[in-house]
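A.B. asks: My questions will all concern the structure given below.
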Amino acid sequence: LYVGYFSGSKTHDQDFALIENVLLKVMDRHPNVYLKLVGVLSEDKMKRVQNRIEKLGFMDWKKLPEQVASVDINLMPLENTLFHCCKSENKWMEAALVKTPSVMSRNAEMELAVENGVTGFLCSTAEEWEAALEKLVTDAAFRKNMGENAYSAVMEKYTTQNTGEQARMLVLGKTDPEE
């Protein structure tokens, strides 16, 4: 079972540090759990499970969906900053589009997009991270269902096919589609 963290640049070391201890606990309890790290990242605390870590370097964004789809759980630890609030929803949508469930840091942006426990897990504490990962690691049916729910939510609320009409009506100043 693979959990994945897709960092991109070196600037994500502090984000990843938020969950390193939790990941170690989960990996210690579950020897079948592997970690896929994509991007430039320091995982110094993870040395004792190094034989269960797959590292891929920074890659072209066009190859990223295949890598996100290759993991069973997507990790999104984020420091609670304005910068992260502005981009975190995108990371969840990328995973949802390939039906991969996400465990993520709670922030104002994610609370608007994610139904906690249904389309992803929102976590504020190490205990919440651990409980969410434990649930997804041990319950394959729940994990699959959460990925499907996230996919459905993105397709319903975030594709231009479904949001385009609302945008068109706003531009035209209409409130009724029949106008």
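A.B. asks: Has region 9-19 got any residue that is open to solvent by less than 20 Å² (accessible area, probe 1.4 Å), at pLDDT 75 or above, closer than 20 Å to W61 by Cα and not in a helix (DSSP H, G or I)?
C.D. replies: So far as region 9-19 goes, no, none of its residues is open to solvent by less than 20 Å² (accessible area, probe 1.4 Å), at pLDDT 75 or above, closer than 20 Å to W61 by Cα and not in a helix (DSSP H, G or I).
A.B. asks: Can you tell me which residues in region 140-159 are more than 17 Å from G4 (Cα to Cα) and open to solvent by 40 Å² or more (accessible area, probe 1.4 Å)?
C.D. replies: Within region 140-159, A141, F142, N145, E148, N149, Y151, S152, M155, E156, K157, Y158 meet the criteria.
A.B. asks: Out of region 113-129, which residues are crowded, with 19+ Cβ neighbours inside 10 Å and not hydrophobic (A, V, I, L, M, F, W, C)? Reasoning before the result, please.
C.D. replies: So the first thing to find is which residues in region 113-129 are crowded, with 19+ Cβ neighbours inside 10 Å, and the list is 113-114, 119-123, 129.
Scanning region 113-129 gives T119, G120.
A.B. asks: Against the conditions (1) under 15 Å from the mean Cα position of the chain (by Cα); (2) hydroxyl-bearing (S, T, Y); (3) modelled with pLDDT under 70, where does T160 fall short? Just the number, please.
C.D. replies: For T160, the exception is condition (1).
A.B. asks: What number of residues in region 21-40 are crowded, with 18+ Cβ neighbours inside 10 Å and within 18 Å of the chain's Cα centre (by Cα)?
C.D. replies: Step one: filter region 21-40 for residues crowded, with 18+ Cβ neighbours inside 10 Å, giving 22-23, 26-27, 33-39.
If we keep only those that are within 18 Å of the chain's Cα centre (by Cα) as well, we get 22-23, 26, 33-39.
Looking only at that region, the number is 10.
A.B. asks: Say we look at region 52-80 and pick out the residues that are assigned to a loop (DSSP other than H, G, I, E, B) and at pLDDT below 95; which of these is most open to solvent (accessible area, probe 1.4 Å)?
C.D. replies: First, pick out the residues of region 52-80 that are assigned to a loop (DSSP other than H, G, I, E, B): 57-60, 70-72, 77-80.
Then drop every residue that is not at pLDDT below 95, which leaves 57-60, 77-80.
Details: G57: 44, F58: 152, M59: 43, D60: 74, P77: 1, L78: 24, E79: 62, N80: 122 Å².
Among residues in region 52-80 that are assigned to a loop (DSSP other than H, G, I, E, B) and at pLDDT below 95, the one most open to solvent (accessible area, probe 1.4 Å) is F58.
A.B. asks: Which pairs do you get when a residue that is in contact (Cβ under 8 Å) with a residue 60 or more places away in the chain and part of a loop (DSSP other than H, G, I, E, B), found in region 29-51, comes within reach of a residue that is of a type in the set (F, W, Y) and open to solvent by less than 80 Å² (accessible area, probe 1.4 Å), reach meaning Cβ atoms under 8 angstrom, with the pair 6+ apart or on two chains?
C.D. replies: From residues that are in contact (Cβ under 8 Å) with a residue 60 or more places away in the chain and part of a loop (DSSP other than H, G, I, E, B), the pairs are V33/Y2.
The values are calculated or read from the model by the stated rules, or taken from the named source; none is laboratory data. Keep in mind that what you see is a predicted model, and the values were worked out from it rather than measured. All Cβ positions, even for glycine, are placed from backbone atoms using ideal geometry, and neighbour counts span all protein chains on display. SASA here: full protein model, heavy atoms, side chains in, ligands and nucleic acids out. Shrake-Rupley method; radii C 1.70, N 1.55, O 1.52, S 1.80 Å.
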